[in-house]
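This report concerns only the one structure given below.
The values are calculated or read from the model by the stated rules, or taken from the named source; none is laboratory data. Just so it is clear, the model here is predicted, and its values are computed rather than measured. Cβ placement follows ideal geometry from the backbone for every residue including glycine, while neighbour counts extend to all protein chains displayed. Surface areas here come from the heavy atoms of the whole protein model, side chains and all, with no ligands, DNA or RNA. Shrake-Rupley method; radii C 1.70, N 1.55, O 1.52, S 1.80 Å.
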Amino acid sequence: MNYQSRKKTLFSWFPYRESIVISLVGSIPLKLGVFLRRLLYRYIFARLGNSVTIQTGAEFIHAFAIELGNDVKIYRDVCLDCGAPNSRIFIGDRTWLERGVDIQVLENGYVEIGESSFIGPYVCMAGPGHIRIGKQCLIASHSTIYANNHNFADPTTAIALQEISSKGIVIEDDCWIGSGARILDGVTIGRGSVIGAGAVVTKDIPPYSVAIGVPARVSRSRKANIPLLSAHSQENMGSDCN
């Protein structure tokens, strides 16, 4: 059997092992369940870091394409779905996925969430475009991040049957996305930015911006609150770097 045949066989067989393991220990509550999932889920995930906490009711589809870092916390009713073998999900160290978070990755896509980030209850994100969320980000409840768009140019063809485009979404480090915000495909939100609750982000947001409204517009820059260094301070900083 050649490599491609072995790979195809593994992919077709693996979900059975995944289903068996999750069925056995996925619904066991309290500390015993957390302990057993830490022990057995190592055999179905691409990587399972140390001290990972997975509560009951969390659903994983094609877990062999999912990596969880150290001290990751996954709460009840979270769904992580890698819809194809060439897709992946990576969750960085010390990141929390609160209750009901739904992440779906389609063919050739990936979702990457950096370390020490917080994804609030019932946040939804999906490909097939790539989604990259940086370190120390806060994504509040009921926000949506969809890296795809439906073509509707032909009125004689059902929208569901027309092509889908995908450019990808980037949320850089240290961003705060308010509750119910909508992040649309092709957007980059710059480092240190704040997106107001309910905003619809359709265009790139510069770093350290505060953006609100529908569509989201920059209302001010956070840089205005950063005091300028005095000449004496700059001189001392320069000497410290030498």
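Residue count for the range 74-104 satisfying the condition of being more than 24 Å from residue 179 (Cβ to Cβ) and not acidic (Asp, Glu): 8. Count of the range 142-175 residues, restricted to those that are small (Gly, Ala, Ser), surrounded by 17 or more Cβ atoms within 10 Å (Cβ to Cβ) and outside any loop (DSSP other than H, G, I, E, B), is 0.
Kindly provide the set of residues from the range 176-199 that are aliphatic (A, V, I, L, M), open to solvent by 20 Å² or more (accessible area, probe 1.4 Å) and not in a loop (DSSP other than H, G, I, E, B), ordered by number.
194
The sole residue among 103, 164 that is under 24 Å from residue 191 (Cα atoms) and not small (Gly, Ala, Ser) is 103.
If you go through the range 118-141 one residue at a time, how many are open to solvent by 20 Å² or more (accessible area, probe 1.4 Å) and among the aliphatic types (A, V, I, L, M)? Adding up the residues that qualify gives 2.
Sub-9 Å Cβ pairs linking a first residue in the range 32-55 that is under 9 Å from residue 72 (Cα atoms) to a second residue that is open to solvent by 30 Å² or more (accessible area, probe 1.4 Å) and among the hydroxyl-bearing types (Ser, Thr, Tyr), at least 6 apart or interchain, are 53/75; 54/75, ordered by first then second residue. Restricting attention to the range 1-52, the residues that are of a type in the set (A, V, I, L, M), modelled with pLDDT of 80 or more and not in a helix (DSSP H, G or I) total 5. Out of curiosity, is residue 60 of a type in the set (Phe, Trp, Tyr), open to solvent by 10 Å² or more (accessible area, probe 1.4 Å) and either in contact with an Asp or Glu (Cβ under 7 Å, 6 or more places away or on another chain) or not in a loop (DSSP other than H, G, I, E, B) (or both)? Answer is no for this residue. Out of all the residues in the range 114-122, is one or more modelled with pLDDT under 95, of a type in the set (Asp, Glu) and part of a loop (DSSP other than H, G, I, E, B)? The answer is no, given that none of the residues of the range 114-122 is modelled with pLDDT under 95, of a type in the set (Asp, Glu) and part of a loop (DSSP other than H, G, I, E, B).
For the range 87-101, the count of residues that are modelled with pLDDT under 90, over 28 Å from residue 136 (Cβ atoms), open to solvent by less than 80 Å² (accessible area, probe 1.4 Å) and not in a strand (DSSP E or B) is zero. If you go through the range 21-39 and keep only what is open to solvent by 10 Å² or more (accessible area, probe 1.4 Å) and under 20 Å from residue 92 (Cα atoms), you end up with 34, 38, 39.
Here is a check on your reading of the model: is residue 203 surrounded by fewer than 17 Cβ atoms within 10 Å (Cβ to Cβ), modelled with pLDDT of 95 or more, out of contact with any Gly (no Cβ under 7 Å at 6 or more places or on another chain) and among the charged types (D, E, K, R)?
Yes, satisfied.
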